[in-house]
Amino acid sequence: MKSIIQARELSRRFGRTLAVNGLSLDVPKGSIFALLGPNGAGKTTTIKMLLNMVRPTSGRATVMGTDSTRIGPAEFSRIGYVSENQELPEWMSVRELLDFCRPMYPTWDQDLCRQLVHQFDLPLSKTIKSLSRGMRIKAALLSSLAYRPELVVLDEPFSGLDALVRDEFMRGLLELSDRTEWTVLVSSHDIDEVERLVDRVGVIDRGSLRVLESVSSLEGRFRHFQLTLAPDGELPTELPDSWLLKESVGRSVRFVESDYREGTGVQRVRSVVPAAENVTASPMSLKEIFMALARTYRSEGREQE
Amino acid sequence: MNLTMHVARKDWRHTRLVLCIWYPVLVLALTLDQKIEMFLDERESLRGIPSPSAAELEYGVLALIGVLAVSLDLLLRAAIVSRLVHDDSTVGSTAFWLSRPVPAGTLLASKAMLLLPAMVLPQIVVHLAVTYQLAGIPSTAPEVFLAPVVSTAIFMMLAVLTPSLAGMAVLGGIMTGVILGGLLVLSWLGMPLVAADGIVRALTGELPWLTALAVCVTVICHQYLTRRTTRSLTVAFSGVLVFLLVLSREWFLGGA
């Protein structure tokens with residue numbers, strides 16, 4: 001599938017801090033891609049480099065076929081960008097904001113705009129500064145969707161939103177996704193926020209991309225294993241690197257297999273741990289996978305320190 | 001052009017209230033300034049004759065109100081430029097316009113399109129009107145035209161390099177400090193204050209102000225077109241040094 005975003009060895013240093021470290025990623029056209037990672041992992045810097053808001057220290061990227069350092073007004077008429085950190089003209093009313101944005105976009109769809117105003121229940125006459133955080137994000141999203149962008153970039157859009165607003169927001173995006181040919185790149189530190197939305201995931205940790213694959217592939221290769229050791233059995237000292245978060249209490253052992261293969265997965269565990277009895281493998285939700293990865297990366301980080 | 005007008009109209013809507021407050025303050029500040037100047041000229045011509053105490057008192061009151069009006073005028077001018085520029089900030093990466101199809105050149109043109117008729121022109125017109133009203137003849141001195149342009153450009157330069165009005169004040173303070181420090185160094189090196197090649201005389205010429213204008217325009221354009229604030233700050237502070245060199249050129253050349 002053709003990539004709408006391609007990044008190769010992208011790095012950004014702020015003084016002594018390496019915010020993004022040799023990040024390479026591909027976002028296929030038409031996909032809904034989530035860039036996941038804890039706070040400070042480098043998600044926002046990555047997005048800002050892709051959109052030419054921050055210059056990369058090294059590496060390069062292309063967005064919609066244009067070098068990211070050359071992204072300008074022509075590209076921004078086809079990109080919708082919403083960020084929790086983005087400044088909005090607070091003194092304007094929602095209507096004024098939409099009136100201000102409309103002439104900038106030849107593809108502005110007034111019918112879609114009216115429909116989104118209704119769907120998001122936005123008060124047109126209220127000033128942006130008087131809106132709640134959720135409403136403000138909705139206004140920003142509306143002003144970024146009404147021209148039917150080819151690429152929608154959402155940087156932590158759900159941060160601090162209550163569950164109801166988040167749900168409305170997500171439902172709006174999903175409904176539009178059914179009708180619109182677009183690519184969505186959404187960053188979040190909380191998988192819960194985007195689980196329903198995405199079909200491809202990138203997990204970023206301390207500036208490096210650690211995982212980049214489709215949700216179905218990720219769900220296919222992660223299993224939560226539980227086994228009991230035979231009374232005289234012992235756990236080998238050398239265990240596969242793909243076994244994460246190993247825990248043993250008495251004879252009971254638990255771990256996360258990150259390289260599970262349907263059909264041979266359980267046999268492989270038995271071959272590594274001959275004393276294993278009652279081996280069970282259970283599928284993991286995207287949230288559980290993300291949490292397992294986050295905990296693994298955190299303990300790796302502690303070991304490195 | 002349409003987008004330039006569109007952004008300028010948006011800026012006008014946001015700044016019109018402050019502009020409407022500023023215009024009467026501008027008239028008051030320039031009128032008082034002119035009156036105080038006339039009073040000082042009169043007193044100069046009556047040197048040796050004791051001044052009547054009522055006139056002295058009037059001067060004192062005028063001077064006090066004049067200082068307040070000029071301070072308020074400066075503050076409002078800084079606030080207007082700040083509102084205009086910081087609405088679409090060129091510093092940082094969070095400004096609204098950065099993710100919208102607005103070319104940096106268009107944005108700069110729209111700011112200039114509003115600043116020239118709404119801020120620079122009123123200063124020239126009011127100055128001409130006040131001097132004509134009080135002195136009978138309109139002043140045609142180059143500084144009448146140059147001062148509003150240069151002062152507005154200085155405010156705009158400070159605004160494009162900072163994220164807020166407070167930032168403008170801090171940077172303005174630092175730059176003033178550097179200029180004053182430079183002047184102190186020059187006087188310590190032996191450059192006279194008021195002689196033909198002195199600091200005060202040099203300041204009344206047009207070249208230092210044209211230099212300041214050139215520096216401001218360079219910094220403003222560089223910052224809008226590249227958004228490289230560190231580089232723009234370097235250009236601005238290098239400009240301050242050039243300004244000091246221009247001020248001291250006659251003294252240097254005379255001594256050479």
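The values are calculated or read from the model by the stated rules, or taken from the named source; none is laboratory data. This one's a predicted model, so the numbers in the text were calculated from it and none came from an experiment. Please note: Cβ atoms are built from the backbone with ideal geometry, for glycine as well, and neighbour counts cover all protein chains shown. Please note that ligands, DNA and RNA were not included when accessible areas were found on the heavy atoms of the full protein model with its side chains. Shrake-Rupley method; radii C 1.70, N 1.55, O 1.52, S 1.80 Å.
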Quiz prompt | Solvent-accessible area per residue, Å², over the stretch A:1-143 with all protein chains present [probe radius 1.4 Å] | solution = 43
Quiz item: Name the residues of the stretch B:2-40 whose accessible area, probed at 1.4 Å, falls by at least 40 Å² once all protein chains are in place instead of their chain on its own?
Solution: B:HIS6, B:LYS10, B:ARG13, B:HIS14
Self-check item: Inter-centroid distance (Cα atoms) of the stretch B:82-111 relative to the stretch A:256-305, Å
Solution: 50
Quiz item: What's the carbon and sulfur percent of the protein assembly as shown's accessible surface, probe 1.4 angstrom, rounded to a whole number?
Solution: 59
Practice problem: Using only Cα atoms, locate the centre of the stretch A:197-222 and the centre of the stretch A:139-165, then give the distance between them in Å, rounded to an integer. | Solution: 22
Quiz item: Once the other residues with Cβ under 9 Å from the Cβ of A:ARG12 are scored (Lys, Arg +1; Asp, Glu -1), what is the net sum?
Solution: +3
Quiz item: Among rounded, prolate and oblate, which fits the protein assembly as shown when a ≥ b ≥ c are the square roots of the eigenvalues of its C-alpha gyration tensor, a/c under 1.5 means rounded, and a/b larger than b/c means prolate?
Solution: prolate
Self-check item: Per residue solvent-accessible surface (Å²) - the stretch B:1-137, probe of 1.4 Å
Solution: 50
Exercise. Determine which lysines satisfy two conditions relative to A:LYS246: a Cα distance under 29 Å, and not lying fewer than 8 residues away in the same chain.
Key: A:LYS43, A:LYS287
Quiz item: Over what distance in Å are the Cα centres of the stretch B:1-29 and the stretch A:1-46 separated?
Solution: 41
Practice problem: Heads up, I need the accessible area for B:CYS221: 1.4 angstrom probe, whole protein in place, Å², nearest 10. | Solution: 50
Quiz item: What does the charge dipole of the stretch A:162-251 about its Cα centre add up to, to the nearest 20 debye, if the Cβ of each Lys and Arg holds +1 and the Cβ of each Asp and Glu holds -1?
Solution: 180
Quiz item: Nearest 20 debye, what's the magnitude of the dipole of the stretch B:1-137 about its Cα centre given +1 on Lys and Arg Cβ and -1 on Asp and Glu Cβ?
Solution: 780
Practice problem: Considering only B:VAL185, B:VAL130, B:VAL160, give the residue with the highest GNM mean-square fluctuation for chain B, with springs between Cα atoms whenever their separation is below 10 Å. | Solution: B:VAL185
Quiz item: What is chain A's relative contact order, in percent, from Cα pairs under 8 angstrom and six or more apart in sequence?
Solution: 20
Self-check item: √(5λ) per eigenvalue of the Cα gyration tensor, the stretch B:141-256, largest first, Å
Solution: 26, 15, 13
Quiz prompt | Cα shape, chain B, gyration tensor, a/c 1.5 rule | solution = oblate
Quiz item: Counting only the heavy atoms of the protein chains, how much of A:MET135 is accessible to a 1.4 Å probe, in Å² to the nearest 10?
Solution: 50
Practice problem: Enter the buried accessible area of the A/B pair, total of both sides, probe 1.4 Å, in Å² rounded to the nearest 100. | Solution: 2100
Quiz item: Amide H to amide H, which residues 5 or more places from A:VAL186 or on other chains are under 5 Å from it, using H placed in the peptide plane?
Solution: A:PHE33, A:ALA34, A:LEU35, A:LEU154
Practice problem: For the protein assembly as shown, give the magnitude of the charge dipole about the Cα centre (Cβ charges: +1 Lys/Arg, -1 Asp/Glu; no others), in debye to the nearest 20. | Solution: 620
Quiz prompt | 1.4 Å probe accessible area per residue over the stretch A:223-283, in Å² | solution = 60
Quiz item: When the helix-only estimate is applied to the protein assembly as shown (DSSP H runs of n ≥ 4, each -39,500 (n - 2.57), divided by the residue count), what is the mean residue ellipticity at 222 nm, nearest 500 deg cm²/dmol?
Solution: -17500 deg cm²/dmol
Exercise. Taking 30 Å² as the minimum loss, tell me which residues in the stretch B:78-103 lose that much accessible area going from the chain by itself to the full protein complex (1.4 Å probe).
Key: B:SER93, B:THR94, B:PHE96, B:LEU98, B:SER99, B:ARG100, B:PRO101
Quiz item: In peptide A:71-84, what is the residue-averaged number of other protein chain Cβ atoms found within 10 Å of each Cβ?
Solution: 3
Practice problem: Assign one of three labels to chain A, namely rounded, prolate or oblate, based on the Cα gyration tensor with a ≥ b ≥ c the square roots of its eigenvalues; rounded applies when a/c is under 1.5, prolate when it is not and a/b is larger than b/c, and oblate otherwise. | Solution: prolate
Practice problem: Excluding residues fewer than 8 places away in the same chain, name every one of the lysines whose C-alpha is closer than 16 Å to that of A:LYS126. | Solution: A:LYS138
Self-check item: Signed unit charges on C-beta, dipole axis of chain A, positive-most listed residue A:SER208, A:PHE76, A:LEU185
Solution: A:PHE76
Quiz item: Per residue in the stretch A:100-133, which ones lose no less than 40 Å² of accessible surface when going from chain alone to all protein chains (1.4 Å probe)?
Solution: A:PHE100, A:MET104
Quiz item: With the contact rule set at Cα under 8 Å and sequence spacing of 6 or more, what percent relative contact order holds for the stretch A:48-167?
Solution: 33
